[in-house]
Amino acid sequence: MTINLLPDLDLTEAIKQWQRERPKAELKNLIGERLTKRLAQQWLAFSGESKSVGQYSSKEIAAISARFHQWRIIPSGTGGYRLAEVTKGGVDTDALSSKTFEAKQVKGLYFIGEVVDVTGWLGGYNFQWAWASGHCAGGFV
Ligand SMILES: Cc1cc2nc3c(=O)[nH]c(=O)nc-3n(C[C@H](O)[C@H](O)[C@H](O)COP(=O)(O)OP(=O)(O)OC[C@H]3O[C@@H](n4cnc5c(N)ncnc54)[C@H](O)[C@@H]3O)c2cc1C
């Protein structure tokens, strides 16, 4: 995952502007005006000691800018089945009637909800699918 901590700012350009207009100000305070101070301070701590903005070289500015605009995170894994909230896969939707949820090949056999190959984002879509498909199939049984 790549996270842009300052999506509304071109940090390289901003630092160059600060170098012209406020060269004695500390960079952490200037960035702290756009982010929380503690986060700005912590992020800059990775690049060494805190300095006034006028003291940063172009190479340092590029590295700092990349750190704020392209914070890269590689997830170490998922929480596994124990924490899983929805299952991908299931009964093929092509094998079911889209009106009644009855299996096309087996009369009187219905599949709804989680067991069907329909997967929603987290946020209620899976409940909605389970209830709506159940309601629909129930109306035809
Ligand atoms: C931890 C967790 C959090 C979730 N949070 C959300 C959320 O916030 N929003 C959202 O939309 N979805 C959420 N979901 C997904 C959602 O719960 C499911 O998509 C939904 O409950 C599916 O409903 P269902 O009726 O199809 O299946 P289920 O709710 O799984 O119901 C199947 C039922 O069949 C029973 N059963 C199984 N085998 C047999 C058998 N042989 N004989 C008799 N009974 C049997 C089971 O005991 C179960 O009660 C979450 C799921 C989990 C696990």
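The values are calculated or read from the model by the stated rules, or taken from the named source; none is laboratory data. Being a predicted model, the structure only gives us computed values, none of them experimental. Cβ: placed from backbone, ideal geometry, glycine included. Neighbour counts: every protein chain shown. When the accessible area is computed, the model is the full protein with side chains, heavy atoms only, and any ligands, DNA or RNA have been set aside. Shrake-Rupley method; radii C 1.70, N 1.55, O 1.52, S 1.80 Å.
Can we say residue 111 is more than 30 Å from residue 18 (Cβ to Cβ), open to solvent by less than 60 Å² (accessible area, probe 1.4 Å) and more than 31 Å from the chain's Cα centre (by Cα)? If you could, list the steps in order and put the result at the bottom.
Values: more than 30 Å from residue 18 (Cβ to Cβ): yes; open to solvent by less than 60 Å² (accessible area, probe 1.4 Å): yes; more than 31 Å from the chain's Cα centre (by Cα): yes.
Answer is yes for this residue.
So which residues in segment 1-28 are more than 23 Å from the chain's Cα centre (by Cα), open to solvent by 30 Å² or more (accessible area, probe 1.4 Å) and closer than 17 Å to residue 67 by Cβ?
Of everything in segment 1-28, those that are more than 23 Å from the chain's Cα centre (by Cα), open to solvent by 30 Å² or more (accessible area, probe 1.4 Å) and closer than 17 Å to residue 67 by Cβ turn out to be 12, 13, 16, 26, 28.
List the residue pairs whose Cβ atoms are under 9 Å apart, where the first residue sits in segment 118-141 and is more than 8 Å from the ligand (Cβ to nearest atom), the second is in a helix (DSSP H, G or I) and open to solvent by 40 Å² or more (accessible area, probe 1.4 Å), and the two are 6 or more positions apart or on different chains.
If the second residue must be in a helix (DSSP H, G or I) and open to solvent by 40 Å² or more (accessible area, probe 1.4 Å), the pairs left are 118/93; 118/129; 119/125; 119/129.
Could you tell me which numbered condition residue 44 fails, if it satisfies all but one of (1) surrounded by 13 or more Cβ atoms within 10 Å (Cβ to Cβ); (2) within 25 Å of residue 1 (Cα to Cα); (3) not assigned by TED's automatic domain parsing to the domain that holds residue 30?
Answer for residue 44: the failing condition is (3).
Tell me yes or no: at least one residue of segment 69-79 is of a type outside the set (A, V, I, L, M) and within 16 Å of the ligand (Cβ to nearest atom). Steps first, answer last, please.
Initial filter on segment 69-79 (of a type outside the set (A, V, I, L, M)): 69-72, 75-79.
From what is left, the residues that are within 16 Å of the ligand (Cβ to nearest atom) are 78-79.
Yes, segment 69-79 has at least one match.
Check whether at least one residue in segment 90-108 is within 8 Å of the ligand (Cβ to nearest atom), open to solvent by 60 Å² or more (accessible area, probe 1.4 Å) and not hydrophobic (A, V, I, L, M, F, W, C), and report yes or no.
Filtering segment 90-108 for residues within 8 Å of the ligand (Cβ to nearest atom) gives none.
The answer is no; no qualifying residue exists.
Please list, ordered by first then second residue, the pairs with beta carbon atoms under 9 Å, 6 or more apart or interchain, first in segment 65-84 and among the hydrophobic types (A, V, I, L, M, F, W, C), second in a loop (DSSP other than H, G, I, E, B) and surrounded by 10 or more Cβ atoms within 10 Å (Cβ to Cβ).
Close Cβ pairs satisfying both conditions: 68/4; 68/5; 68/6; 68/9; 68/35; 71/4; 71/5.
Tell me, please, whether a residue that is more than 9 Å from the ligand (Cβ to nearest atom), assigned to a helix (DSSP H, G or I), closer than 30 Å to residue 39 by Cα and acidic (Asp, Glu) can be found in segment 57-68.
Keep residues of segment 57-68 that are more than 9 Å from the ligand (Cβ to nearest atom), which gives 57-68.
Of the ones still in play, those that are also assigned to a helix (DSSP H, G or I) are 58-68.
Now restrict to residues that are closer than 30 Å to residue 39 by Cα: 58-68.
This time we only want the ones that are acidic (Asp, Glu), so: 60.
Yes: one or more hits.
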